[in-house]
1. For the pairs K20/K208; K94/K208; K20/K289; K20/K222; K222/K300; K94/K222, note any where the Cα-Cα span goes beyond 26 Å.
2. What number, in percent, do you get for the relative contact order of the chain if the mean sequence gap of Cα pairs under 8 Å and at least 6 apart is divided by its residue count?
3. Can you tell me the 0 to 90 degree angle between the C-alpha axis of helix 275-285 and the longest principal axis of the chain, rounded to 10?
4. Enter the Cα centre distance for the pair segment 307-342 and segment 47-63, rounded to the nearest angstrom.
5. Hey, what angle do you get for helix 216-236 against the long axis of the chain, alpha-carbon based, 0 to 90 degrees rounded to 10?
6. Once phi is turned into θ = phi - 60°, what whole-Hz ³J(HN,Hα) does the Karplus curve with 6.51, -1.76 and 1.60 give for every residue of segment 124-131, x standing for Gly and Pro?
7. How much length would be gained if the chain were fully extended between V100 and R326, taking 0.36 nm per residue of separation minus their Cα-Cα distance, in nm to one decimal?
8. Just grab the label-to-label distance for H288 and A170, each label 7 Å out from Cα along the Cβ direction, in nm (one decimal).
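The values are calculated or read from the model by the stated rules, or taken from the named source; none is laboratory data. Please read all numbers here as calculations on a predicted model, not as lab measurements. Glycine gets a Cβ as well: all are built from the backbone with ideal geometry, and neighbour counts include every protein chain shown. Calculation scope for accessible area: heavy atoms of the full protein, side chains included, ligands and nucleic acids excluded. Shrake-Rupley method; radii C 1.70, N 1.55, O 1.52, S 1.80 Å.
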Amino acid sequence: MFCRLDTLARSSHRTESPVKVAVVGAGAIGAYVGAALHRAGADVHLIARGPHLAAMRRDGVRVLSPRGDFTARPAATDDPSEVGPVDYVFLGLKANSYAVSGPLVHPLMHRDTAVIAAQNGIPWWYFHGLGGPYTGRRLHSVDPAGSVSATLPPERAIGCVVYAATEIEAPGVVRHLEGTRFAIGEPDRTVSRRCLDFSEAMVAGGLKCPVESDLRNDIWIKLLGNISFNPISALARATMGQICRHPDTRALVESMMRETLEVAAAVGCRPEISVERRIAGAERVGDHKTSTLQDLEKGKPLELDVLLAAVVELAELAGTPVPTLRAVHALADLLATTSSAPAGSAP
């Protein structure tokens, strides 16, 4: 059951001083969030590097959006020690960078700093505070040897599922394509003051930020698309529209989604969405390249562990057969290995 409390946050509580937020990995999503928060009066600090950082320092963040263009000028740096402790760290990094994010994150921490992880897929905190037979269980695929938990303690985590599409059009320039919803929630399913305060700041900046009583429903609903379209798009070099229009790959997506819902149910989550509706939504997006295909074309590491390997691991944990997911995972894992290896080297 969902608990949308952004209106309650606005009406029932006003912070006496602006929240202080550091955006670590201020790329397309991070800079967009940071610009919106800054526009609403939050004390925002963007952590970035390279030409993008230089442009934001010089000209601010320029947001181009069908909702109206605007420019914000939050502080920007490549040295988090210049920022010091903050109330919230908003992680705009890829999940496969979390384990090594300590030098960026730790200078920003005080005793009560919350970490808002805007990631796709299964988060490292998934079983934290959940209760039941898997309470406290660590998933190797997303938290190998506890490396992520050591850097980002689960008790600091606030989950975040992003329903916004943005891209860096040029250094310092973010194009907002669609969506403004950033659903957040506590791992233990409580409705906390820290979630309400962050939601209030986001809403003041023009974004939707519902506080969900169980964010895991949102995680699985979004994952249905990511777990299927992302690896298939990379393997086939195809857009979402092309995958949907091809009868056999459309059937493959449907099979992957149904197996994913079986895994979700086996670990106690039953998101209310049909496979047909999820595929139809993806088909409406059209000839869009998934983030995994874009990363492949740019030679970047593929973020497949949290999308696919984690669900296969959960299936093993729950004793749920997932033959289609296993087959696609084997191919995608080989692709991830060979695409990152130097030409002519053995994987």
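1. K20/K289; K20/K222
2. Values: 669 pairs, mean separation 58.8, N = 347.
Relative CO of the chain lands at 17 percent.
3. The angle comes out at about 60 degrees.
4. Going from one Cα centre to the other spans 37 Å.
5. For 216-236 against the chain, the angle is about 60 degrees.
6. Per residue, the Karplus-derived 3J(HN,Hα) values read 5, 8, 3, 9, 5, x, 7, x Hz.
7. 78.6 nm is the gain from fully extending V100 to R326.
8. Going by the 7 Å Cα→Cβ label model, 2.5 nm.
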